[in-house]
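First comes the structure, then the notes that go with it.
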Amino acid sequence: MKIIITKGKTRNTLTCKRKDGTLTSINLGPNIPNHDIAHYVVEKQFKLKNGFYEKVKSGNTIEELSDKKIIQNLGSETWLSEIMARNLQSIVSGAAKTEQYIELVNWEAKNISEIKVPIMNLTDIEKMKSQFDQLCEKWNLIPENGELKLIFE
């Protein structure tokens, strides 16, 4: 699946193009799409089969995955993906230290039943942080109407 994030003057757009040619797209608003980039990094690193992008790849629309009624029933790995993406953003923003990531994810996951947190080590977290930083830097250099293209397999 191709993930295309288009930079607008005041709004950005996330579009996912599946292998069968179908598309789903949503307006991201004016801020950097770092949460969507964080999902990409986390889900690729840990091969989460029921994360946000896997749900899109398998046919859900991005709008459906934003609906509170649908979100409640997505399953534990989808919640794990959300927890991991959010905490990756925390370490990149400086709200938490890289060394705290594993502890933070485990702490938050224990409050949601049936979440199985993958085995992680500091090298994994540093690798994700580096990839996230690189993709955000790449995004910052993209001009208006330009696109950040990612492949999610």
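Taken together, the values in this text are just the output of simple stated rules run on the coordinates, not laboratory data. The shown structure was predicted, so the numbers you read here are calculated from the model rather than taken from an experiment. Cβ atoms come from the backbone with ideal geometry, glycine included; neighbour counts cover every protein chain shown.
Within the chain, helices built from complete DSSP H runs that reach 20 Å or longer along their own axis (Cα positions) and carry a mean Kyte-Doolittle hydropathy of -0.5 or higher are 76-93.
A Cβ-based charge dipole, computed about the Cα centre of the chain with Lys and Arg at +1 and Asp and Glu at -1, lands at about 340 debye. Using C-alpha pairs below 8 Å separated by at least 6 residues, the relative contact order for the stretch 1-89 is 25 percent.
Taking the chain as a Gaussian network of alpha-carbon nodes connected by springs under 10 Å, the highest mean-square fluctuation of the residues Asp133, Asp20, Asp124 belongs to Asp20. Residues considered: Met120, Met84, Met128. Largest GNM mean-square fluctuation over the chain, using C-alpha springs under 10 Å, is found at Met120. FRET efficiency for the Val117 to Thr10 pair, using the beta carbon distance and R₀ = 41 Å, is estimated at 0.60.
Each Cα pair of the stretch 32-141 feeds into the Kirkwood radius, which the Stokes-Einstein equation turns, at 25 °C and 0.890 mPa s, into a diffusion coefficient of 172 µm²/s.
Each label point was placed 7 Å from the Cα along the Cα-to-Cβ direction; for Lys49 and Gln134 their separation is 2.8 nm. When you restrict to C-alpha pairs under 8 Å that are six or more residues apart and normalise by the size of the stretch 51-153, the relative contact order lands at 24 percent. GNM remark for the chain: springs join alpha carbons under 10 Å apart, and the peak mean-square fluctuation among Thr24, Thr13, Thr123 falls on Thr123.
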